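Colleague: Next up is a structure, given as structure tokens.
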Amino acid sequence: MQHILFVCTGNTCRSSMAEAIFKNLLVSEGIEDVDVSSAGTFALPGSPATPEAVEALTGWGIDLNSHKARLLSPEMVREVDLVLTMTARHKATVLEMVPDAKDKVFTVSEYAGLAGDIPDPIGKPVFFYRQYAEEIRRLCRVVLRRFLSEREKN
């Protein structure tokens with residue numbers, strides 16, 4: 001079993017959406033040997049996903065209602081195969097925690113072969129959540145292809 005960890009700040013918007021979207025992609029591809037989770041660099045453990053994040057994914061049949069935020073720990077980073085962050089700042093925070101994880105920590109965009117951060121929608125209308133969810137889903141599709149391709153090589 002391989003494990004991917006998505007990281008943002010509060011684990012109630014971006015990384016929780018990324019986790020749910022990626023799990024949905026794995027199911028649609030029939031892939032059962034990849035585990036996906038998420039955490040936040042400043043998360044309040046147990047916090048639910050924001051109502052806007054829940055609403056943004058509902059149209060795709062993805063349910064975020066049971067999500068509970070987790071605070072990122074060095075152990076989480078060490079235990080997973082790949083860490084994907086929403087921003088370069090999140091990546092730097094992860095690497096400050098676990099410097100020897102540098103070969104498995106990337107921004108989502110970077111791992112997808114692109115540049116840029118995924119902005120934080122917290123406090124914004126649901127329109128922005130939908131917009132960022134679309135971007136996350138697009139990137140997750142590319143991430144999945146690369147991840148599976150690299151897995152086949154190993």
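Colleague: Residues of the range 106-122 being over 18 Å from Arg141 (Cα atoms) and not acidic (Asp, Glu), which ones?
Modeller: Our first condition is that a residue be over 18 Å from Arg141 (Cα atoms); within the range 106-122, this holds for 119-122.
Correct list: Pro119, Pro121, Ile122.
Colleague: Only one residue in Ala43, Ala92, Ala133, Ala101 is surrounded by 20 or more Cβ atoms within 10 Å (Cβ to Cβ) and without any contact (Cβ under 8 Å) to a residue 40 or more places away in the chain, so which one is that?
Modeller: Values: Ala92 fails: surrounded by 20 or more Cβ atoms within 10 Å (Cβ to Cβ); Ala133 fails: without any contact (Cβ under 8 Å) to a residue 40 or more places away in the chain; Ala101 fails: surrounded by 20 or more Cβ atoms within 10 Å (Cβ to Cβ).
Just a single option satisfies the conditions, and that option is Ala43.
Colleague: Scanning the range 77-88 for residues that are buried (at least 21 other Cβ atoms within 10 Å of the Cβ) and touching an Asp or Glu at 6+ places or on another chain (Cβ under 8 Å), which turns out nearest to Val7 (Cα to Cα)?
Modeller: Filtering the range 77-88 for residues that are buried (at least 21 other Cβ atoms within 10 Å of the Cβ) and touching an Asp or Glu at 6+ places or on another chain (Cβ under 8 Å), the one nearest to Val7 (Cα to Cα) comes out as Met86.
Colleague: I would also like to ask the following. Quick check: is even one residue across the range 79-86 farther than 20 Å from Glu110 by Cα and more than 13 Å from the chain's Cα centre (by Cα)?
Modeller: Pass one, the range 79-86, residues farther than 20 Å from Glu110 by Cα: 79.
Now drop any that are not more than 13 Å from the chain's Cα centre (by Cα), which leaves 79.
Checked against the condition, which is being farther than 20 Å from Glu110 by Cα and more than 13 Å from the chain's Cα centre (by Cα), the range 79-86 yields at least one hit.
Colleague: Just one of the numbered conditions (1) surrounded by 14 or more Cβ atoms within 10 Å (Cβ to Cβ); (2) within 18 Å of Ile4 (Cβ to Cβ) is not true of Pro74; which one?
Modeller: With (1) surrounded by 14 or more Cβ atoms within 10 Å (Cβ to Cβ); (2) within 18 Å of Ile4 (Cβ to Cβ) applied to Pro74, the lone miss is (1).
Colleague: Right, something else. What number of residues in the range 11-27 are touching a residue at least 60 places away in the same chain (Cβ under 8 Å) and in contact with a Phe, Trp or Tyr (Cβ under 6 Å, 6 or more places away or on another chain)?
Modeller: Selection size over the range 11-27: 2.
Colleague: Now for a separate question. Only residues that are closer than 16 Å to Thr107 by Cα and surrounded by fewer than 24 Cβ atoms within 10 Å (Cβ to Cβ): list them for the range 22-38, please.
Modeller: First, the residues of the range 22-38 that are closer than 16 Å to Thr107 by Cα: 22, 36-38.
If the condition is that a residue be closer than 16 Å to Thr107 by Cα and surrounded by fewer than 24 Cβ atoms within 10 Å (Cβ to Cβ), then Val36, Ser37 are the ones that fit.
Colleague: Ok, one more. Suppose we keep only residues that are part of a helix (DSSP H, G or I) and in contact (Cβ under 8 Å) with a residue 40 or more places away in the chain within the range 104-127. Which one would you say is nearest to Arg78 (Cα to Cα)?
Modeller: We begin by selecting, within the range 104-127, every residue part of a helix (DSSP H, G or I); these are 104, 108-111, 126-127.
If we keep only those that are in contact (Cβ under 8 Å) with a residue 40 or more places away in the chain as well, we get 108, 126.
Numbers: Val108: 18, Val126: 34 Å.
My answer is Val108.
Colleague: Now for a different question. Would you mind telling me which numbered condition in (1) under 20 Å from Glu134 (Cα atoms); (2) modelled with pLDDT of 95 or more Gly59 fails?
Modeller: (2)
Colleague: Quick one: is Ile62 crowded, with 22+ Cβ neighbours inside 10 Å and in contact with a helix residue (DSSP H, G or I) (Cβ under 8 Å, 6 or more places away or on another chain)? Lay out the reasoning, then the answer.
Modeller: Values: crowded, with 22+ Cβ neighbours inside 10 Å: no; in contact with a helix residue (DSSP H, G or I) (Cβ under 8 Å, 6 or more places away or on another chain): yes.
Taking the combined requirement at face value, the residue does not satisfy it.
Colleague: Do we have Ala18 as surrounded by 13 or more Cβ atoms within 10 Å (Cβ to Cβ), in a loop (DSSP other than H, G, I, E, B) and small (Gly, Ala, Ser) here?
Modeller: no
The values are calculated or read from the model by the stated rules, or taken from the named source; none is laboratory data. The structure displayed is predicted, hence computed values, not measured ones. Neighbour counts run over all protein chains shown; Cβ positions are idealised from the backbone, glycine included.
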